[in-house]
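Encoded as structure tokens, the structure appears first; notes follow it.
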Amino acid sequence: MEHNPAISKGIDWVLVWIFIVLTSVGVLSIFAATYREGDDLIQGFFSLKTDYSKQLLYFGIAGILGTFILLTDSKFFTATANLWYAFGILLLLLVFPFHTSVKGTNSIIKFGSFNLQPAELCKVFVNLALAKYLSRVETDFKKTRSQLVASAIAIVPAILAVMQSETGLALVYFSFFLVMFREGLPAAILIVGFSLAVLVVATLLIEPNILAVILTVVALLTIYFLRRQIKRRRQLLFYIVTIWAFCVGVQRFAVPFMFDQVFQPYQVKRIYDTIGKDYVPKDASAALEIEQKNKGKKKGETGNYNVKQSKIAIGSGRILGKGLLSGTQTRYDFVPEQRTDFIFCTIGEGFGFVGSMVLMGIYFLLLMRIVSIAERQRSVFSRCYAYGVASVIFLHIAINICMTIGLAPVIGIPLPFISYGGTALLSFSVLLFILIRLDADRQMVLR
Amino acid sequence: MSVFNQSRSNIIRLIFIGVFLVIVIQLFNLQVISGKYQKLAMDNAVYPKRIYPNRGIIYDRKGKAILNNTIMYDLTVTPSQVKNIDTLELCSFLEIDTAEFRKRINDARFKNGPVRPTVFEDLLPPAMQAKLEENIYKFPGFTLVERPVRVYPFNAAAHIMGYVGEVDSNILKRENFFYQLGDYVGRSGLEQRYEKVLMGQRGMNFLIKDNKNRIQGPYEKGMYDTPAVAGRNMRSYIDVEVQQLAEKLLKGKVGAVVAIEPKTGGIIAMASGPGFDPNELTGPYKQKNFNRLFLDVSSPLLNRAIKGQYAAGSTYKPLGALIALDEGVITPANGIGCTGAYYSCRRPVRCTEHWAGHASNLRLAIAHSCNSFFSNTFRLTVDNPKYNDNRIGLQKWSEYLNAFGLGHRLGVDLPSEDGGNIPDTTDYNKEYRGSWNSCTMVTLGIGQDKMLVTPLQMANSLCIVANKGYYYIPHFINRIDGETKEDTVLNKYRIKHEVLSHISDEDYETVHSGMQDVVDAGTGRVARIPGINICAKTGTAENYLMIEGKRTQLKDNSMFVSFAPRENPKIVVAVVVQNAGFGATWAGPIAALIMEKYLNDTLRTERLKEVERVSNANLMPGYLVRAQYRADSIRAYNWFKITKDTSVIKKYIKKAGVKSDTSQLPQDRKAPVVKNNPLIKPKDTSKFRPKSRIT
């Protein structure tokens, strides 16, 4: 980047440096995961045939794209936000007729040698559109109608992503609820959502009848402790009974329905794998489907196997790690998808606990920096956008790393700036550089 | 609105911090607290490959290799690489059908997975290997892999050498997991006894493998690798030509031959009949051969030289004479008048000779093997007036025999040796509740009653006689190549045991003269070799066996012990031929041939005919045929019970039609086959004390 006073004015260099450091770590990790003894190093890095050289190229493209964004007037983004959103939805819809099936996903459009994944790119547009909607003068976010519209902006691409069998990417769109929460969405919704998640997990873990009994006992205890209030307000008893009935309903009917009808058997199996239970396919066709999903993989090399190997890789790094290019787990293909979704294993094994902590520290710094940038914005648009960036990045980090260390089911989403993948790197870079551009113009009040 | 919701930015920060904290805690748990993942990663990726050195070679006393190493080939298959091959052609090479071929491929896939090689057919016969070698390019996925195998160039010494086989769980436990499953280890014979010397030092290569167990190269550039050290060779006392001769002579006979060099205790030859070719148990058909040998009721796998326990019979007499002389109860010049039996006890002990004067002195009594004389001598020893108590007398007698190396294991360098039996006072006190006298066990004086000896013990006791009082523990191995002070395994064989040197030389000379007369003028004239003074003693021992629940007297065992030359003993031979009649008929000629071969290094041409005569004689006891039939049909019946497969039992039912009594065989399972095993003599022979009619 040229040090041009005109563009560089107001730019948050901390974010820029974090971007450079993270992306470099990414290239290095991909190099460590895919380099084999005897490969020509120089040729490897510049031939554009190896994954790390390709990632290096994407790094360059991201840099150029970032510079262009920095050169753009920040008003451009507010003005065209809705247009971008429409473009994003169009891209997502175009996937259906024009997709190429790659590794079990239907979400990729091929342009020559370049794979475009609209669901990945679309989060930038959703973020813009949501910020735009929330910052509108007419929008009163206390109204349920506005809340529904805002939710719809986030959820429509998520539904499209699910239809392209990209559950992981769909999940990311739910991170925008954090933005809405910041802008006044009632905390109760988040709490209810969280409680529902706990209930679903409990349904999987605990015998249905026992869970029903537990729920009933909890309800009865609540009634007992709130008996005075109930005397005063009869309505309260009605609420409690309704909630109890809802919970039991979810536990008895909704979750089994979801698992039997909505999720694919392989997804159910992954969820079961994470919580450590054996999944018994309900019939032969389901079993067949799981088998087909795992076709071509070694026996046992299913979700459970991935997590096990990934944990072994990270755990065997110990405190200081085995060093770059010395990890036996990651270098001999024990961890699958180690350039993309399981890239964290390379760092965990090669650089140990210390290395992992440094990476987590950089990420933490990034998130905290974005949040504090968000809070210093005078324009609602910029603030909403900044929170959107923070939320998206946060959800990616949390799910990806939790997956590699066995805390979350295997959901294929990339680790921001580090995982191999052009679309992912470019969309994260664009996301970040628009924020930097907006932040540089934070003194401009009206937008 | 923004002002209103300011506090929520802190909540969002808290959510970030919370989730990061959970991740950090789990990372700490995985990477710092839990140590198991490092080992798991090593197990995943590092393949410790054991390098097996060549096992040591065993040479005979003239430097010929009795036991050597060679390379055989296994055919291995990597199922995933098997594509577009002419299955039929390969099957025709391997002499299997396509169903078997598919089964083996599936087994291999199941056992080791599709990308790793698995043994498809092991130890190919040379002809098959040659054919495959030429055509292997047609069969991608199949490879010929070298495998070191033991080979026996002289086809001899199977019982001595033992065999190597895969370790089993018992050995793993016993050796404290020094071995691993799949390792080869000496399972019997010298292979087992000298395992530590022969095996050498295993090496270890650490290799990196990938997720499909394909080898990627050395781990850390071979930093932790250790090279293999070859097993050390051993020089034995065996004369392989004598050994071959001994085995040839025992063909078609049940029995044993032991030849020892008395000056060193080195075993020159040890054969057991019926025997087998050791190469049968190494090559491609080893399992088939092993099954055949294992199921043979004449037990070819048994080493009768150390595990066959026989009544010593008259071969004991020189020892009896020496004991009596040393105890002072007889003198060389005194004899008795024998008229064909010894009548002093309740039951007469019969004697083969009855002409007057055949026992008029010790020399004559030994030469003509007078039963009366030695019954009398035994009673004199037990009723020795010196002790005034026959208990002490008998105890003394058994102590003498223990000193002669009888009644206990000698400690030869072969595993699982038997100890034989020399009864002492406690045995008789128990059986007769203390009321016995020297008449009770008078046949001990002619080597019967409860006395049991192994052929090795017979030879060793004669070594002591030949050496005039000392012996070395019989052993095969003279020295180990590159022996150091740490090799203590041979030390016990280098200790001279002066057990009976207190018996005077005159007494020994008297007995030697008697034994020389055996060959020159007595019972053992068949063993004469011109120009060599041979001392010997024949033996013809009664023996009984439980056959189908009945105690049956079998034909006498033919026995012969000898040493030569008398002046400077170089070889001691003990021969037992089961159920072959007089000692001089079969055992004597065998011993003579072995002595001649060893002492003269060759046989006279006219003796070659004798070798053929003895070798071609089939002296297998007749009851074996019946015992084999019983064992086979009972097995067939049991097999039928398990599998309901009638094809096996039909064979026997058909035969049963010819022999009416065999139809009841299956019901008759109460007398198990083992009892009828003629090779392991019942230890307690006292129940059927022989009517004494022994030479």
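Values quoted throughout were computed directly from the atomic coordinates according to the rules given, and no laboratory measurement underlies them. Just so it is clear, the model here is predicted, and its values are computed rather than measured. Neighbour counts are summed over all protein chains in view; Cβ atoms, including those assigned to glycine, are modelled from backbone coordinates with ideal geometry.
Label the range B:33-140 by shape, choosing from rounded, prolate and oblate, from the square roots a ≥ b ≥ c of the eigenvalues of the Cα gyration tensor; if a/c is under 1.5 it is rounded, and otherwise prolate applies when a/b is larger than b/c, oblate when it is not.
Judged from the Cα gyration tensor, the range B:33-140 comes out oblate (a/c at least 1.5, b/c at or above a/b).
Kindly point out, ordered by number, any Cys in chain B whose beta-carbon has no other cysteine beta-carbon under 4.7 Å away.
Cysteines of chain B left without a disulfide-compatible partner: B:C91, B:C338, B:C351, B:C370, B:C463, B:C535.
Quickly rank A:91-100, B:623-632, B:234-243 as a protection proxy: mean count of other C-beta atoms within 10 Å, highest first.
B:234-243, B:623-632, A:91-100
Can you tell me the orientation of helix B:286-295 relative to chain B, as the angle in degrees between its alpha-carbon axis and the longest Cα principal axis, to the nearest 10?
The helix B:286-295 is inclined about 40 degrees to chain B.
Go ahead and set up a Gaussian network model of chain A, Cα springs under 10 Å, then flag whichever of A:C247, A:C122, A:C345 fluctuates most.
A:C247
Once Lys and Arg get +1 and Asp and Glu get -1 on their Cβ, which of A:V335, B:Q129, B:I66 lies farthest toward the positive end of the dipole of the protein assembly as shown?
Positive-end residue among those listed: A:V335.
About the Cα centre of chain A, how large is the charge dipole given +1 on each Lys and Arg Cβ and -1 on each Asp and Glu Cβ? Please answer in debye to the nearest 20.
Around 1480 debye, computed over chain A.
Suppose the Debye formula is applied to equal point scatterers at every Cα of the protein assembly as shown; what is log10 I(q)/I(0) at q = 0.05, 0.09, 0.10 Å⁻¹?
-0.59, -1.06, -1.22
Classify chain B from the C-alpha gyration tensor, please: rounded if a/c falls under 1.5, else prolate or oblate depending on whether a/b exceeds b/c.
Prolate, because a/c is 1.5 or more and a/b exceeds b/c.
Going highest first, how would you order B:59-70, B:32-43 by mean Cβ packing within 10 Å?
B:59-70, B:32-43
What do you get for the angle between helix B:623-643 and the principal long axis of chain B? Use alpha-carbon atoms, 0 to 90 degrees, nearest ten.
For B:623-643 against chain B, the angle is about 30 degrees.
Order by neighbour count: B:E220, B:E247, A:E337, fewest other Cβ atoms within 10 Å first, most last.
Ranking B:E220, B:E247, A:E337 by Cβ neighbours within 10 Å, fewest first, gives B:E220, A:E337, B:E247.
Using the membrane-span-like helix rule (whole DSSP H runs, Cα extent along the own axis of at least 24 Å, mean Kyte-Doolittle hydropathy at least -1.0), which helices of chain A qualify?
Going by DSSP H runs, the hits are A:13-34, A:51-71, A:75-98, A:118-135, A:144-163, A:187-205, A:208-225, A:343-375, A:380-404, A:422-440.
Neighbour counts of other C-beta atoms within 10 Å: give me B:E542, B:E483 arranged from fewest to most.
B:E483, B:E542
Just counting partner chain Cβ atoms within 10 Å, what average do the residues of peptide A:364-374 show around their Cβ?
2
For the range B:387-478, what is the relative contact order in percent, using Cα pairs closer than 8 Å and at least 6 residues apart in sequence?
Over the range B:387-478, the number comes to 32 percent.
Percent relative contact order of chain A, based on C-alpha pairs within less than 8 angstrom and at least six residues apart?
25
Mind checking the mean number of beta-carbon atoms from other chains within 10 Å of the Cβ atoms in B:44-50?
3
From other protein chains only, count the Cβ atoms within 10 Å of every residue's Cβ in A:401-407, then give the mean.
4
Before rounding to the nearest 500, sum -39500 (n - 2.57) across all DSSP H runs of length at least 4 in chain B and divide by the residue total; then give [θ] at 222 nm in deg cm²/dmol.
-11000 deg cm²/dmol
How would you rank A:424-432, A:194-202, highest first, on the average number of other Cβ atoms within 10 Å across their residues?
The densest-packed peptide leads the list: A:424-432, A:194-202.
Take the residue pairs B:K253/B:K641; B:K103/B:K251; B:K111/B:K221; A:K269/B:K39 and return only those whose Cα atoms are more than 32 Å apart.
Beyond 32 Å: B:K253/B:K641; B:K103/B:K251.
Say the dipole of the protein assembly as shown comes from +1 at the beta carbon of Lys and Arg and -1 at that of Asp and Glu; which of A:I243, A:F394, A:A158 then lies farthest toward its positive end?
Checked the options; the winner is A:I243.
Toward the positive end of the charge dipole of the protein assembly as shown, about the Cα centre and with charges on Cβ (Lys, Arg +1; Asp, Glu -1), which of A:L426, A:S146, B:M620 goes farthest?
With unit charges placed on the Cβ atoms, the residue in question is A:S146.
Taking B:K550 as the anchor, which aspartates and glutamates have their alpha carbon closer than 19 Å to its alpha carbon, excluding any fewer than eight residues away along the same chain?
List returned: B:E542, B:D661, B:D668, B:D684.
In a Gaussian network model over chain A where Cα atoms closer than 10 Å are linked, find which of A:I347, A:I393, A:I214 has the largest mean-square fluctuation.
Top of the fluctuation ranking is A:I214.
How would you classify chain A from its alpha-carbon gyration tensor, with a ≥ b ≥ c the square roots of the eigenvalues: rounded for a/c under 1.5, else prolate if a/b is greater than b/c, otherwise oblate?
In terms of gyration-tensor shape, oblate.
Can you flag which of B:K263/B:K609; B:K307/B:K468; A:K54/A:K123; B:K288/B:K450; B:K49/B:K196 are past 29 Å Cα-Cα?
Distance filter (> 29 Å) returns B:K263/B:K609; B:K288/B:K450.
Suppose every Lys and Arg Cβ carries +1 and every Asp and Glu Cβ carries -1, with no other charges. What dipole size does the protein assembly as shown come out with about its Cα centre, to the nearest 20 debye?
That gives a dipole near 3360 debye.
To the nearest 20 debye, what is the magnitude of the charge dipole of chain B about its Cα centre, counting +1 on the Cβ of each Lys and Arg and -1 on the Cβ of each Asp and Glu?
Value, rounded to 20: 2120 debye.
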